[in-house]
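The structure under discussion appears below in the form of structure tokens.
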Amino acid sequence: MKIALCSGSFDPVTNGHIDIITRATKLFDKVIVGVAENHDKVKLFTLGERRELLIESLKGIYNVDVMIIDGLVSEFAKQNKVNVIVRGIRSGTDYDYELRMSLVNKKLNHNIETIFLAPDPNNMCISSSLIKQIASLNGDIADFIPEAVLCKMNKKLYKGGRNDESRRAIIGN
């Protein structure tokens, strides 16, 4: 069985993430979506919340499991019999970063291969960081994220009313 891993922080999960994951499910027998912590980023959602949002956003896709990664991706891949890591590449900057990560993962786990998928053109500009920035400035993010994520973001960002300072503090801007 060919098992792929789509890993990321998914904070928040975007339509771009869903596109890459959905396309990976057509290429592999099973896809594990690994929700990981990125200590360099300001967090909007907890690991558990991100996992639940992915489960909700991927409803109806039966060869997907959503799991939390606690530690190195290469070690998680080994423990879960993952053959391939799937990464989305939007730009040359993404490619430079992802190529370095794939080489390190290969060094740590010689049984793992990484493949890169280009995004759907409608998702080229989408990133979690950009979504949070747009939301912090009262922009409309509905076209960029799944419905479940939009509902959860609205609850989290506006739970105390439309206080711009508190919303920016939650998002980290």
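The values are calculated or read from the model by the stated rules, or taken from the named source; none is laboratory data. Only a predicted model underlies this, so the values are computations on that prediction, with no experimental measurement involved. Quick reminder, even Gly has a Cβ in these numbers, built from the backbone with ideal geometry, and neighbours come from all protein chains shown.
Please specify each residue of the stretch 16-45 satisfying the condition of being among the basic types (Lys, Arg) and under 22 Å from residue 91 (Cα atoms).
In the first step, residues of the stretch 16-45 are kept if they are among the basic types (Lys, Arg); the result is 23, 26, 30, 41, 43.
23, 41 - these are the residues of the stretch 16-45 that are among the basic types (Lys, Arg) and under 22 Å from residue 91 (Cα atoms).
Evaluate the following for residue 94: is it in contact with a helix residue (DSSP H, G or I) (Cβ under 9 Å, 6 or more places away or on another chain) and not β-branched (Val, Ile, Thr)?
Numbers: in contact with a helix residue (DSSP H, G or I) (Cβ under 9 Å, 6 or more places away or on another chain): no; not β-branched (Val, Ile, Thr): yes.
Considered against the rule, which asks whether it is in contact with a helix residue (DSSP H, G or I) (Cβ under 9 Å, 6 or more places away or on another chain) and not β-branched (Val, Ile, Thr), residue 94 comes out as no.
Among (1) surrounded by 12 or more Cβ atoms within 10 Å (Cβ to Cβ); (2) assigned to a helix (DSSP H, G or I); (3) at pLDDT below 95; (4) not small (Gly, Ala, Ser), where does residue 125 come up short?
Residue 125 satisfies all of (1) surrounded by 12 or more Cβ atoms within 10 Å (Cβ to Cβ); (2) assigned to a helix (DSSP H, G or I); (3) at pLDDT below 95; (4) not small (Gly, Ala, Ser) except (2).
Against the conditions (1) modelled with pLDDT under 90; (2) of a type in the set (Gly, Ala, Ser); (3) surrounded by 14 or more Cβ atoms within 10 Å (Cβ to Cβ), where does residue 148 fall short? Just the number, please.
Unmet for residue 148, out of (1) modelled with pLDDT under 90; (2) of a type in the set (Gly, Ala, Ser); (3) surrounded by 14 or more Cβ atoms within 10 Å (Cβ to Cβ): (1).
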